[in-house]
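Report on the structure given below.
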Amino acid sequence: MNELLMIDKYFPGANLEGGIELANRLEWGLSVQMAGDEYVVSSGDEPILRTDSKDALQTFIYGLGLAYAVLPEELFLSLEAAVGEL
């Protein structure tokens, strides 16, 4: 069993979509699609993860989102503004 203890506290909506939302606020352009029996995570048009494991998908998205979610809000907003200026 896997238990992601910080998700409820930090992720918007406490779900995978919340992690994708945070990353996309920083211009990742993440999307998740099914290709046959595999999950494909893309950044824009570029595939960055292909897996047949839902656990691997969740770990990837939660890890990426959590890296941003734990930042103090002011820092995240500054990072978001800086990325938007690029």
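Rounded to a whole number, what % of the accessible area of the chain do carbon and sulfur atoms account for, probe 1.4 Å?
On the way: 2960 of 5630 Å².
After summing per-atom areas, the C and S share lands at 52 percent.
Points 7 angstrom from Cα along the Cβ direction at Lys54 and Leu79: gap in nanometres?
2.9
Of Leu57, Leu86, which has the most accessible area with a 1.4 Å probe, and how do the rest follow in descending order?
Leu86, Leu57
Could you tell me the relative contact order of the chain? Use alpha-carbon pairs under 8 Å, at least six residues apart, and round to a whole percent.
Relative contact order of the chain: 28 percent.
Dipole magnitude of region 34-86 about its Cα centre, charges +1 at Lys/Arg Cβ and -1 at Asp/Glu Cβ only, in debye to the nearest 20?
So the magnitude is around 140 debye.
Here are labelled values, [x] 17, 47, 29, 7, 0; [y] 19, 45, 26, 9; [z] 13, 27, 35, 18, 6, 2, 0, and one is the computed P(r) over Cα pairs in 10 Å bins from 0, in percent for what I pasted. Which one?
[x]
Per residue, how much accessible area does region 26-86 show when a 1.4 Å probe rolls over the protein heavy atoms, in square angstrom? Present the calculation step by step, with values, prior to reporting the outcome.
Details: 3860 Å² over 61 residues.
Here the per-residue accessible area is 63 Å².
Considering only DSSP states other than H, G, I, E and B, which GluC sites (Glu not before Pro) in region 1-70 qualify as loop sites with at most 11 other Cβ atoms within 10 Å?
Glu3
What does the net charge come to around Gly29 if you take all other residues with beta carbon closer than 13 Å to its beta carbon, with K and R at +1 and D and E at -1?
Neighbour charge sum, excluding Gly29 itself: -3.
The values are calculated or read from the model by the stated rules, or taken from the named source; none is laboratory data. Keep in mind that this is a model prediction, so the values were computed, not measured. For neighbour counting, all protein chains shown are included, and Cβ atoms are generated from backbone atoms with ideal geometry for every residue, glycine included. Ligands, DNA and RNA are stripped out before the accessible areas are found, and what is left, the full protein with its side chains, is counted by its heavy atoms. Shrake-Rupley method; radii C 1.70, N 1.55, O 1.52, S 1.80 Å.
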